[in-house]
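One structure below.
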Amino acid sequence: MEISKRTRRYLMQIIAFGILLYCGVEHFNIVIMGTKFLLGIAMPFLVGSAIAFVINVPMRNLERHLFPKNEKLEKFRRPVAYLLTLAGVVGLLFLAMVVIIPELASTITTIVRSIPKAFGDAQKWLLGLSEEWPALEPAIAELNIDWAGISASAVKIIQGMATGLLSSGVGFFSGIVSGVMSSVIAFTFSIYLLFQKERLSRQAMQVFQALLPDAATEKVLRVASLSNEVFSNFLSGQCLEAVILGTMFFVAMTIFRMPYAMLTGVVIAITALVPIFGAFVGCAVGALLIAMVNPVQALWFIVLFLVLQQLEGNLIYPHVVGGSIGLPSIWVLVAVSLGGDLFGIAGIILFIPLCSVLYALFREFVKKRLEEKGRPVSAEGKEPQK
């Protein structure tokens, strides 16, 4: 039986893939080292692409509203939009650092100073308890608590945490300085992508059309368009939701005269960029800070957090972020868990829009297969009632 050319080509591809797979398994260490080497070379360009994508979301919206009816100033539209966006991003980062660093230093100093008093109050409370309940005096005496030693140890722990935090910050900035060449390359590459994005899009389309069949090119372009839309909507929606949540906490804590309103609001806004779990990290930090000043207010802060979290989760998030990604809640939880386990915080932020794209593509595939079998489904994925 004669084998067609198409079948022979497929067989050769399968054999070649099998040989490559076998060689990769046999020399796995070399493959890992080669992958790391290639990633090290490509990392500045990957970082530059990420920077360009993030900046492009607000820059694109600004560009639409700058000089809409002035043809003479049209050539300045993109540079002005880029400079305004860059100034806004740098300003927000600077504002966050100005708010967080002084407040954090003041908080650590306050905690260190209040620890001896807190242990002294605990000692007085136990002594008063033994006087009020004489039966407890032998048990309290057997405890033989070294209050001074415990207080000194607690102070050392807090100071060690502060020193570790400071050294981490210094290490972060020293890492930036040491990688200044990579940072310059990434930043320059991001500028090139932003200012030449239409030209690069046309070139990429021509490459796909030259190398792939028309049907495959159409699918690639559709996936790219869907990915860009989902990622852009998720990024803008998540940032807006974080700002709204942080502002709500700042206003509510100011109204109820809770301490550290500004610091807690900024921390919650930053941690809320991580979906689902981020705001709870901010709640833990805020409750710990407030507990050092007033434990009762810390309990009320937790109640306030639960109320605002319900309000945000049921009213704000579905309208601001949920509709933009089109991903059911159960799959959001799966994306957060999987992304966090694989790549940490970056994986959590990346996997939600990624899973949204995969979910949309799989939903279209299922719908198409059902229609081919003569069983159309409704938009919600349910079979229409007969």
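The values are calculated or read from the model by the stated rules, or taken from the named source; none is laboratory data. None of the values given here were measured: they were computed from a predicted structure. Glycine gets a Cβ as well: all are built from the backbone with ideal geometry, and neighbour counts include every protein chain shown. Ligands, DNA and RNA are stripped out before the accessible areas are found, and what is left, the full protein with its side chains, is counted by its heavy atoms. Shrake-Rupley method; radii C 1.70, N 1.55, O 1.52, S 1.80 Å.
Of LYS219, LYS197, LYS373, the order by accessible heavy-atom surface (1.4 Å probe, DNA, RNA and ligands excluded), from most exposed downward, is LYS373, LYS219, LYS197. Taking the 1.4 Å solvent-accessible surface of the range 38-92 as the whole, the part contributed by carbon and sulfur is 73%. Reported to the nearest whole Å, the Cα centre-to-centre distance from the range 238-304 to the range 76-95 is 28. With R₀ set to 51 Å, the beta-carbon distance separating VAL366 from VAL184 gives a calculated FRET efficiency near 0.65.
Rolling a 1.4 Å probe over the heavy atoms of the protein chains gives the range 189-300 an accessible area of 55 Å² per residue. Normalised per residue, the accessible area of the range 6-57 is 81 Å², obtained with a 1.4 Å probe and no contribution from ligands, DNA or RNA.
A Förster distance of 30 Å, applied to the separation of the beta-carbon atoms of CYS23 and ARG222, puts the FRET efficiency at 0.30. The accessible surface of the range 197-286, taken with every protein chain in place and a 1.4 Å probe, is 70 percent carbon and sulfur. A simple spin-label model places the labels of ILE330 and LEU240 2.9 nm from each other, with each point 7 Å out along Cα-to-Cβ.
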